[in-house]
Amino acid sequence: MRPIQFTPTHPAASGPAFLVSEARAAGMSDHACRPPRMHAPTSSVRSLVPFESAIDYAAAHALVLPDDIAFSHVMAAHIWKLPLPTALARDQRVHVMRHSRLPRIERKGCVPHRGLESRTVVEVNGLPVTSLEDTWADLADLAPRLISISDLVMIGDAVVERLSPTQWIHDEHPSAEPGSTQWWSDPVTVGCQRLRDIVHGRAGHRGVRSLRAALDLIRPRVWSPSESYARLVVVEGQLPEPQLNKQVNHENGNGPIGIVDLHWRQHRFRNKVAGEYQGEGKYDGRKDLRASDNARRLLLEDDGWKVIEIFKRDIFTLPGRTSLVHRIAGLLGVA
């Protein structure tokens, strides 16, 4: 038996996928190519090892899909490594989009879409993918039970940070109220502006109402999904919107204390309040991080700050959300 001459796979794939025809040419029988001896992500494609990610499925499908497609929707989000809500993070179906005048892709494991002529296609790890902006907008096509407005905001926050990174920029924030003309023209909001352009281009399309609702709540300088969801709890609770990832300095001018996730300091508030999200497993094996965070909290409190720790239950349970809003409102003096 001759060695199988594998079709080169995409760099995104963790293991070699190959065509059944290549295995036959190497002398393997049809029986040897069938599951469970080999993994079959789609017809005519096999793999000797199980796939590790949704991206592997996309790379395997690319061996048999036409060249005029792009991966879209959830699969595009996986390829871009965007954060997704749990229901979508588990979805490894291969969403593919094609020009509207071409036949839909009919292949097991694929979810076909039309409209590629109105999308921007880029190459990510050798795979054709809809742009970050289009990928975010296309997710609004999905059923509301799979993706909520809050989820679209969370993903949109991540897209904005990817389009216009702020973690390396020292404490630069929009200088105007969100949604104002000045806010939209601020260089810090350039990522939000690009999403706004996409939403304007989707007028009359399915999901555009959800996109508009999400766009109003998307912000720059959001560095994690938990920060997005925590901020939304605050905003939906009718509380003043905090600044995000704001540098806090000592009142006496003795330099910086650190960056806080959520920041309220306007003079009209009763107290200076800092909200810090504490994710599950944050300190696992990280005694140094715990010590650093504890030291920072003590410095904040010594400087007159009220620090609220925010946990998963404060975001994803009704009693937790109610309690969090009540605590913040009391400290701000806006109850």
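Just so you know, all these numbers are worked out from the coordinates, no wet-lab data involved. Predicted, not measured: the structure shown is a model, and the values here were computed from it. Every residue, glycine as well, gets a Cβ built from its backbone with ideal geometry; the counts of neighbours run over all protein chains shown.
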- Query: Using a Gaussian network for the chain with springs between C-alpha atoms less than 10 Å apart, which of these wobbles most: Ser21, Ser53, Ser148?
  - Reply: Ser21
- Gain in length, Lys81 to Asp197, computed as 0.36 nm per residue apart minus the alpha-carbon separation, to one decimal in nm? 39.5 nm
- Message: How tilted is helix 318-332 with respect to the longest principal axis of the chain? Cα atoms for both, answer in degrees (0 to 90, nearest 10).
- Response: 40
- Note on the structure: Connecting every pair of Cα atoms under 10 Å apart in the chain and solving the GNM, the largest mean-square fluctuation among His170, His61, His78 falls on His170
- Task: Treating cross-link reach as a plain straight distance, find the aspartates and glutamates whose alpha-carbon is under 13 Å from the alpha-carbon of Lys312, omitting any fewer than eight places away in the same chain.
- Result: Glu227, Glu276, Glu280
- Simple SL model, points at 7 angstrom along Cα→Cβ for Val122 and Asp68; separation in nm is 2.5
- Apply the Karplus parameterisation 6.51 cos²θ - 1.76 cosθ + 1.60, with θ equal to phi minus 60°, to every residue of the range 255-260 and state each ³J(HN,Hα) to the nearest whole Hz, in sequence, with x for glycine and proline. x, x, 9, x, 9, 10
- Item | Helix 225-236 vs. the chain, principal-axis angle (Cα, 0 to 90°, nearest 10) | 50
- Query: Calculated from the structure, volume of the Cα convex hull per residue in Å³ equals which of (1) 134; (2) 122; (3) 169?
  - Reply: (3)
- Nearest 0.05, what FRET efficiency do Leu298 and Ala89 give at R0 = 30 Å with Cβ-Cβ as r? 0.25
- Item | Percent RCO, i.e. relative contact order, over the range 142-196, from Cα pairs under 8 Å lying at least 6 residues apart | 31
- Query: How far is helix 190-201 tilted, in degrees, relative to the longest principal axis of the Cα atoms in the chain, given as a value from 0 to 90 rounded to the nearest 10?
  - Reply: 60
- Query: Roughly what would the spin-label model give for Val49 and Lys108, points 7 Å off Cα along C-beta, in nm?
  - Reply: 2.5
- Modelled FRET efficiency - R0 51 Å, Ala26 with Ala143, Cβ distances, 0.05 increments: 0.70
- Item | Spherically averaged projected area in nm², based on the convex hull that wraps the Cα atoms of the range 164-238 | 5.7
- Query: Between Trp168, Trp264, Trp80, which gets the highest mean-square fluctuation from a Gaussian network model of the chain, Cα cutoff 10 Å?
  - Reply: Trp168
- Please give, to one decimal in nm, the separation of the simple spin-label points placed at His326 and His170, each 7 Å out from Cα toward the Cβ. 4.3
- Message: Under a Cβ-only charge scheme (Lys and Arg +1, Asp and Glu -1), can you give me the dipole magnitude of the range 187-317 about the Cα centre, in debye to the nearest 20?
- Response: 540
